[in-house]
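So the structure is just underneath, and the comments pick up after that.
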Amino acid sequence: MPSSLPLVFHPAYSFPFPERHRFPMAKFGLLAEHLRRIGLLRPENSFRPGPCKPLWLEQTHCPDYLQRFISRAQSPRELRQMNLPWSEGLVKRTLIAPSGTVLAAQLALHTGLACHLAGGTHHAHYDYASGFCILNDLAIATKVLIRQSGVGRVLIFDCDVHQGDGTAALLADEPHAFTCSLHCDNNFPFDKQRSDLDVPLPDGMGDEDYLRVVMDTLEQVLTDFQPDIVLYDAGVDVYAGDPLGRLNITEAGIRERDRRVLSELLKRDIPVATVIGGGYDDDRHALARRHAIVVEEAAKLRG
């Protein structure tokens, strides 16, 4: 029987974009295509988000910053920080994607597990873009869950290879959120923020050590914080061949990480919403298949 796992996606996530740009904008559409091909993304389990509500955006980001981005009134410095070519397509997908993470989280609260086929833009700060991230979907969703959905405690468990610096800064004064970042220490951003728990990893770390650290950290945080929901950033830029990585994790290691993390959360009856996070392989089809791993493992667990 096909899995009933809710998947959140919008066709606007991929749009015409310079092919040689370091950011692989095509990966979102390719991920959806792959999941349709293997039977995991179907009309009956597909959910399409709408644009983010202004309140959701403005309780996390600077209203003036939002308006400058939307109206193409950014300064040269802001454009350099964004490091993405402005277009109407970029604006459209940027205003929808955080809503997708909110929707995935709300679905997870009802069903126990849901996956967003985008998200994890954890470098975006209050009033500036960074690291290909314009709006911080993890922080936006966390504040919506706490302030509009009545959730008591939200854990962001971030396994992207880069520190979730924007998320840490945006949620530093939010007592009902816990930010946990496991990241390569010698990697972007080089000016780190302070998460509630940071776990810096050495260059070249392999599967066995990595999996032990991930699970020890997860179990510690779950015991200490006791979240009502987890937002899991399943970044695949930990992969050994990722050009922006520096760790030495295999695809089998990524699959085992996702399986163990999701299994532990479901065993404890903690709802979890996944986002895909970073991944920058020049082979966009291989990258899309790598991002599909967390969805595949989630679908297996949902049966």
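Table: residues versus (1) farther than 20 Å from GLY278 by Cβ; (2) among the hydroxyl-bearing types (Ser, Thr, Tyr); (3) at pLDDT below 95; (4) in contact with a helix residue (DSSP H, G or I) (Cβ under 6 Å, 6 or more places away or on another chain).
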{"residue": "GLY166", "(1), (2), (3), (4)": "no, no, no, no"}
{"residue": "ALA172", "(1), (2), (3), (4)": "yes, no, no, no"}
{"residue": "ASN187", "(1), (2), (3), (4)": "no, no, no, no"}
{"residue": "SER195", "(1), (2), (3), (4)": "no, yes, no, yes"}
{"residue": "VAL213", "(1), (2), (3), (4)": "no, no, no, no"}
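All conditions but one from (1) of a type outside the set (A, V, I, L, M, F, W, C); (2) touching a helix residue (DSSP H, G or I) at 6+ places or on another chain (Cβ under 8 Å); (3) surrounded by fewer than 17 Cβ atoms within 10 Å (Cβ to Cβ); (4) in a loop (DSSP other than H, G, I, E, B) apply to ARG260; the one that does not is (4). Considering only residues in the stretch 236-251 that are out of contact with any Phe, Trp or Tyr (no Cβ under 8 Å at 6 or more places or on another chain) and in a loop (DSSP other than H, G, I, E, B), the one that is surrounded by the most Cβ atoms within 10 Å (Cβ to Cβ) turns out to be VAL236.
Collect the residues in the stretch 32-53 that are over 21 Å from the mean Cα position of the chain (by Cα) and either on the phi > 0 side of the Ramachandran plot or not charged (D, E, K, R) (or both), keeping them in residue-number order. Listed by number, the residues that qualify are ILE38, GLY39, PRO43. Does at least one position in the stretch 31-51 carry a residue that is touching a Lys or Arg at 6+ places or on another chain (Cβ under 6 Å) and either assigned to a loop (DSSP other than H, G, I, E, B) or of a type in the set (Ser, Thr, Tyr) (or both)? No: zero hits.
Residues of the stretch 1-13 that are crowded, with 22+ Cβ neighbours inside 10 Å, in contact with a Leu (Cβ under 8 Å, 6 or more places away or on another chain) and assigned to a loop (DSSP other than H, G, I, E, B): LEU5, PRO6, PHE9. PHE132 meets each of the listed conditions (1) surrounded by fewer than 24 Cβ atoms within 10 Å (Cβ to Cβ); (2) more than 30 Å from ARG77 (Cβ to Cβ); (3) aromatic (Phe, Trp, Tyr) apart from (2).
Table: residues versus (1) surrounded by 18 or more Cβ atoms within 10 Å (Cβ to Cβ); (2) among the aliphatic types (A, V, I, L, M); (3) in contact (Cβ under 8 Å) with a residue 40 or more places away in the chain.
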position	(1), (2), (3)
LYS27	yes, no, yes
ARG36	no, no, no
PRO43	no, no, no
PRO54	no, no, no
GLN59	no, no, yes
ASP64	no, no, yes
GLN67	no, no, no
SER75	no, no, no
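Note on the stretch 147-235: enclosed strands (runs of 3 or more DSSP E) holding 2 or more residues that are over 21 Å from ASN248 (Cα atoms) are 154-158, 177-184, 229-233.
The values are calculated or read from the model by the stated rules, or taken from the named source; none is laboratory data. Treat the numbers as computed from the prediction; the structure is a model and nothing was measured. We place every Cβ from the backbone using ideal geometry, glycine too, and count neighbours over all the protein chains shown.
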